[in-house]
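The values are calculated or read from the model by the stated rules, or taken from the named source; none is laboratory data. What you see is a predicted model, and the numbers here were worked out from it, not measured in a lab. Don't worry about glycine lacking a Cβ; one is built from the backbone with ideal geometry, like all the others, and counts go over all protein chains shown. With ligands, DNA and RNA removed, areas are computed over all heavy atoms of the protein, side chains included. Shrake-Rupley method; radii C 1.70, N 1.55, O 1.52, S 1.80 Å.
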Amino acid sequence: LLTQQDFAGETVLITAGPTREELDPVRYISNHSSGKMGYALARAAVQRGARVMLISGPTCLEPPSGVELVAVESARQMYAAVMARVPECSVVIKAAAVADYRPLVRAEGKIKKQGDLLTIELAKNPDILAGLGQLQQRPLLVGFAAETADLQVNAAAKLAAKNLDMIVANDVSQEGAGFNVSTNIARLLFRDCRVEPFELMSKQELAELILGRVREL
Ligand code: C5P
């Protein structure tokens, strides 16, 4: 009741968590994303009055009350879930750590132990955010860039290549930033080349900050 409803009337789509790319019925390729950043954004957006669709890969988190949760596993499932809902959305925030590649072939049965070397061929997954950036009627787009080197240069290149309005860059090699922790150290980059660096803060605080900038845009 005490939160300003500055997202009333907006539909915000948020992706969160990792994706899983199956090798066979018992194994997959994934990453260390916990989903905490995306879930924090979803919680903040609901509290500020938005209708929130949270498209999430597998996480251990409780979805915030009031969000519409769509559970997915693979990047291709996430792609389909996002594209089906984007016409209803005014804002898309892509906090998910989508696998860039998937096994080219998913084996029908469990892959048996063989010689000392095993080669797995990978095929590129569709880039969901880049796809959104090319839409005729595109919503306001916010991406994330998790980097271990040349943070600002890489993030700026992604902002341009994916046609985004804003990108949240974090150096995941820094302590207290990135995967699987409740804090983050981020810098925000905008289309007009503005850069806003921030100190360490909780993911919930960062979520509020990001939504504040989205509101301004
Ligand atoms: O290129 P990179 O994966 O580092 O870009 C990160 C941003 O792009 C994140 O916002 C992520 O959710 C999004 N992304 C995507 N689809 C992919 C890969 C990344 O939407 N296949």
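General observations
- Extension gain (nm, one decimal) between Asp6 and Ala107, 0.36 nm per residue minus Cα-Cα: 31.5 nm
- Helix-only mean residue ellipticity at 222 nm for the chain, each DSSP H run of n ≥ 4 adding -39500 (n - 2.57), per residue, nearest 500: -7500 deg cm²/dmol
- Nearest-20 debye value, segment 41-189 charge dipole, Cβ charges on Lys, Arg, Asp, Glu: 360 debye
- Accessible surface, 1.4 Å probe, highest first, among residues Arg43, Arg76: Arg76, Arg43
- Sequence-distant residues sharing a close amide H with Met166 (under 5 Å, placed H): Leu141, Gly143
- Accessible surface of segment 67-217 [probe 1.4 Å, protein heavy atoms]: carbon and sulfur percent: 50 percent
- Under Karplus coefficients 6.51, -1.76 and 1.60, residue-wise ³J(HN,Hα) of segment 81-98 in Hz, glycine/proline x: 5, 5, 4, 5, 9, 4, x, 8, 10, 9, 9, 10, 10, 9, 8, 6, 9, 7
- Probe 1.4 Å, protein heavy atoms only - accessible area per residue of segment 39-110 in square angstrom: 47 Å²
- Farthest toward the positive end of the dipole of segment 76-174, out of Thr148, Gln77, Leu159, is the Cα of Gln77, where the dipole comes from beta carbon charges about the Cα centre.
- For Lys124, a cut-off of 15 angstrom between C-alpha atoms picks up these aspartates and glutamates, skipping any fewer than 8 places away in its own chain: Glu21, Glu22, Asp100.
- Phi-derived couplings, Karplus 6.51 cos²θ - 1.76 cosθ + 1.60 at θ = phi - 60°, listed residue by residue for segment 59-75: 9, 9, 8, 7, x, x, 5, x, 8, 8, 8, 10, 8, 10, 10, 8, 4 Hz, with x used for Gly and Pro.
- Accessible surface, 1.4 Å probe, highest first, among residues Val70, Val82: Val70, Val82
- Fully extending the segment from Ser173 to Ala149, taken as 0.36 nm per residue of separation minus the present Cα-Cα distance, adds 7.8 nm.
- Nearest-10 value in Å² for the accessible area of Met37, using the 1.4 Å probe: 20 Å²
- The spacing between segment 52-87 and segment 100-172, judged by their C-alpha centroids, is 17 Å.
- 3J(HN,Hα) couplings calculated from phi for segment 143-154 with the Karplus curve 6.51 cos²θ - 1.76 cosθ + 1.60 (θ = phi - 60°) are, in sequence order, x, 10, 10, 9, 10, 10, 7, 6, 3, 5, 5, 5 Hz; Gly and Pro show x.
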